[in-house]
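Working notes, structure below.
Just so it is clear, none of the values below were taken in a lab; they were calculated from the coordinates. None of the values given here were measured: they were computed from a predicted structure. A quick note on method: Cβ atoms are made from the backbone with ideal geometry, for glycine too, and the neighbour counts reach across all protein chains shown.
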Amino acid sequence: MTVMIHSKYGYEPPEWVQADARLDRWYKDKRRAKQHGAFSLGKNKEEAIMNFGEAIKALKLGKRVARKGWNGEHQFIFLVDGDLLSDAVGYTDADLGNSLEDCSDALAIYTSNKVVQVGWLASQTDMLADDWVVFE
């Protein structure tokens, strides 16, 4: 016999209750996205609202991302390939025992002052924000 759970819709199997909970979370995310203006950008252009984890995935795919909550206009972050960074630096130090061929990838920000700063660090507010968008 299947165990039934009392939910807001009556008695249901556990799978249905879990599906309802997932659907409720999905609706909540859609409402939050709409609240932030994700689906009212004009010219029938939709913009996906992401969390920080999704923004990192977009960066790794070569996209530029920004927060809707940032004050700087046209400000975004992007991923700098470590190989390109080591070529750009072109620095070798005998004390290190190697060249800078092993630079790791880094985040950079294009600021509202039209300056690129390599080594962008996310604040706790940035990491917990749900208003990340792909910058185009």
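Residue ranges 55-63, 126-134, 16-24 sort as 126-134, 55-63, 16-24 when ordered by packing (mean number of other C-beta atoms within 10 Å per residue, highest first).
Other residues within the sphere of radius under 11 Å centred on the Cβ of Arg67, judged by their own Cβ, net out at -2 (K and R +1, D and E -1). Scanning residues 5 or more positions from Leu107 or on other chains, those with amide H under 5 Å from its amide H are Val80, Gly119, Trp120, with H placed 1.01 Å from N in the peptide plane. Modelled spin-label separation between Gln117 and Glu54, with each label point placed 7 Å from Cα along the Cα-to-Cβ direction: 2.7 nm.
For the residue pairs Lys28/Lys60; Lys28/Lys114; Lys8/Lys57; Lys57/Lys114; Lys28/Lys57, the C-alpha atoms sit more than 31 angstrom apart in Lys28/Lys114; Lys8/Lys57.
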